[in-house]
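Q: Below are the structure tokens for one structure; questions will follow.
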Amino acid sequence: MTTLLIKNADVLVTMNDARDEIKNGAALSEDNRILWVGPTDEVGRWVAKNRPDLDRDGFGQIINAGGCVVMPGLVNCHHHLYQTLTRAIGTGSGMILFDWLKFLYPIWAEMTPEAVYISAKIGLTELVLSGCTTVADHLYLFPNGSKIDDEIRAAREVGVRFHPTRGSMSLGESQGGLPPDRVCDTEPDIIKDCIRAIETFHDPEPLSMLRVGLAPCSPFSVTGDLMRQSVEAARQYPLVNLHTHLAETKDEDRFCLEMFGKRPLDYAESVNWVGEDVWFAHMVHPNAQEIDWLAQTKSGVCHCPSSNMILASGIAPVREMVDKQVRVGLGVDGSASNDGNHMLGEARQAMLLQRVGWPGFESRADRFTAREALELATVGGARVLRRHDIGSLAVGQAADLVAFRVDDLSHAGSLADPVASLVTCAPAQVWLSVINGRVVVEDGCFLPFEPGPAVKTHNRISREMMVRAGVR
């Protein structure tokens, strides 16, 4: 057994049901579970009474978190890690979603297994340094022999808790879809590989480090048959979730009405995409009745504010969804439709965007609080992924926690509310990250490997892809 004591935190944010925040807080973990949380001055008494072996032999590791806010690790519910290879392409000039995708598909078609692996390694490292400990990724094209296995290898090297979703595209331009035929696969091959990925990698056990989901890309890139087949395949296995993009743009609304004669959520329901095992990325344009439907069916939503802004997709009605008890989490979305991998920054964007409002609603500074944004990024994401073992710091939960310094230059003067300062002040990099009981970041340094050589390899592969695609 290995133990880790983190003590003297200015504030320890539990995100438990009571939303307790403990001043001068401490957390004690053993192996990969939380053993105790409470005030630092009580840890000695608790150990003497409940764990005399620790009182006698001492702790495996002690970290002084004075000057920090300690909180549960952040949960990223939607990402496309491969897109680190194509950052700042199209976003700088102001492309909207459909135009941006059409421009990038030919570049992504040049990906190799090495490209998928190194892009995931870079994206996951950046996410961990932003406070993220759990990542759901959506890989939906597999050119040149690429597999979901490639990003799983990267996740294991980084040490992150990983929810890779085996995505797919089968509806090419020749069939009325958006992507070119060359980046699409046949539906029998897709389902076969989905089942292979689940049976090879999926672990439904508590504290699992890897759970596979199935994720046909979107209504404009797969057929209704593939949506139905994916549901049938996923529900043969425990805790295999279903994920797709939905209601992201007005263009998508028009596509669904023209192609299926239905709005996006009506279409999802018609192909059995409904229920607690389903979560949708974006959900920017639901109407009031559709928000009620999401709540009633317990279908989840991942809000991606930066991506929705940079592609001018709109402002998702998160306030209304949260008030109706819809399960809502946060996602960074693809690195190329955000150009960053910063989960704490995404929480800040979510707070600010809801305060700005959307057409027909006045801007209100009290519409969304800092703590509500942090809830979306922790317990909200855990609920979306059907994880009851992450997202909060409580006895028996996974030992996934992070610490941010609040005694530095960027947080000077924030002593009145250091918790809120995490999202009201400039987003910081994490000072400490513990994932599954293992210290992954300490004193701001990423420990599993030196990122510099990986960045050089990543940039070389990115340049080679651009050249092959004819982009300079």
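The values are calculated or read from the model by the stated rules, or taken from the named source; none is laboratory data. All of these numbers come straight from a predicted model, not from anything done at the bench. No Cβ is skipped: glycine too gets one built from the backbone with ideal geometry, and neighbour counts run over all protein chains shown.
Q: Against the condition outside any loop (DSSP other than H, G, I, E, B), touching a residue at least 60 places away in the same chain (Cβ under 8 Å) and in contact with a Lys or Arg (Cβ under 7 Å, 6 or more places away or on another chain), how does T133 come out, does it pass? Give the steps one after another, and end with the answer.
A: Details: outside any loop (DSSP other than H, G, I, E, B): yes; touching a residue at least 60 places away in the same chain (Cβ under 8 Å): yes; in contact with a Lys or Arg (Cβ under 7 Å, 6 or more places away or on another chain): yes.
Spelling it out, T133 is indeed outside any loop (DSSP other than H, G, I, E, B), touching a residue at least 60 places away in the same chain (Cβ under 8 Å) and in contact with a Lys or Arg (Cβ under 7 Å, 6 or more places away or on another chain).
Per-residue answers, yes or no, for (1) part of a strand (DSSP E or B); (2) under 28 Å from L376 (Cβ atoms); (3) acidic (D, E):
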position	(1), (2), (3)
L4	yes, yes, no
D17	no, yes, yes
G25	yes, yes, no
S29	yes, yes, no
I34	yes, yes, no
G38	yes, yes, no
V43	no, no, no
W46	no, no, no
H78	no, yes, no
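Q: Right, here's the next one. Got at least one residue in segment 456-464 being crowded, with 19+ Cβ neighbours inside 10 Å, within 24 Å of T86 (Cβ to Cβ) and under 21 Å from the mean Cα position of the chain (by Cα)?
A: Looking for residues that are crowded, with 19+ Cβ neighbours inside 10 Å, within 24 Å of T86 (Cβ to Cβ) and under 21 Å from the mean Cα position of the chain (by Cα), one finds none in segment 456-464, hence no.
Q: If you don't mind, another one. Exactly one of these conditions fails for I107: (1) under 21 Å from the mean Cα position of the chain (by Cα); (2) among the aliphatic types (A, V, I, L, M); (3) under 20 Å from Y140 (Cα atoms). Give me its number.
A: (1)
Q: State whether one or more residues within segment 288-305 are assigned to a loop (DSSP other than H, G, I, E, B), of a type in the set (S, T, N, Q) and either touching a Leu at 6+ places or on another chain (Cβ under 7 Å) or touching a residue at least 40 places away in the same chain (Cβ under 8 Å) (or both).
A: no
Q: Check segment 330-351 and report whether any residue there is surrounded by fewer than 24 Cβ atoms within 10 Å (Cβ to Cβ) and farther than 22 Å from C132 by Cα.
A: Scanning segment 330-351, I find no residue that is surrounded by fewer than 24 Cβ atoms within 10 Å (Cβ to Cβ) and farther than 22 Å from C132 by Cα, so the answer is no.
Quick grid of which residues meet (1) under 26 Å from V328 (Cα atoms); (2) buried (at least 21 other Cβ atoms within 10 Å of the Cβ); (3) over 26 Å from the mean Cα position of the chain (by Cα):
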site: T2; (1), (2), (3): no, no, yes
site: I22; (1), (2), (3): yes, no, yes
site: P39; (1), (2), (3): no, no, yes
site: A48; (1), (2), (3): no, no, yes
site: D53; (1), (2), (3): no, no, yes
site: V75; (1), (2), (3): yes, yes, no
site: Y82; (1), (2), (3): yes, yes, no
site: A88; (1), (2), (3): no, no, no
site: G92; (1), (2), (3): no, no, no
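Q: Going by what's in this entry, would I34 be described as buried (at least 18 other Cβ atoms within 10 Å of the Cβ), closer than 29 Å to S208 by Cα, within 32 Å of the chain's Cα centre (by Cα) and touching a residue at least 24 places away in the same chain (Cβ under 8 Å)?
A: yes
Q: Oh, and also: Given the structure, is G167 crowded, with 23+ Cβ neighbours inside 10 Å and either over 30 Å from V440 (Cβ atoms) or not basic (K, R) (or both)? Write out each step before concluding.
A: Values: crowded, with 23+ Cβ neighbours inside 10 Å: yes; either over 30 Å from V440 (Cβ atoms) or not basic (K, R) (or both): yes.
When the stated conditions are applied, G167 passes them.
Q: How about segment 199-226: which of its residues are charged (D, E, K, R) and either under 15 Å from R386 (Cβ atoms) or outside the structural domain of L97 (by TED's automatic domain parsing) (or both)? It would help to see each step written out before you state the result.
A: Start the filter on segment 199-226 by keeping residues that are charged (D, E, K, R), which leaves 199, 203, 205, 211, 225.
Hits for segment 199-226 are D203, E205, R211.
Q: In segment 109-122, what residues are assigned to a helix (DSSP H, G or I) and either free of Cβ contacts under 8 Å to residues at least 24 places away in the same chain or surrounded by fewer than 21 Cβ atoms within 10 Å (Cβ to Cβ) (or both)?
A: Selection gives P113, E114.
Q: Okay, moving on. Could you check segment 80-108 and list, in sequence order, the residues that are in contact (Cβ under 8 Å) with a residue 12 or more places away in the chain and in a loop (DSSP other than H, G, I, E, B)?
A: Those that are in contact (Cβ under 8 Å) with a residue 12 or more places away in the chain and in a loop (DSSP other than H, G, I, E, B): H80, R87, A88, I89, G90, T91, G94, M95, I96.
Q: Yes or no: D266 surrounded by fewer than 17 Cβ atoms within 10 Å (Cβ to Cβ), of a type in the set (D, E, K, R), part of a helix (DSSP H, G or I) and modelled with pLDDT of 95 or more?
A: In short, yes.
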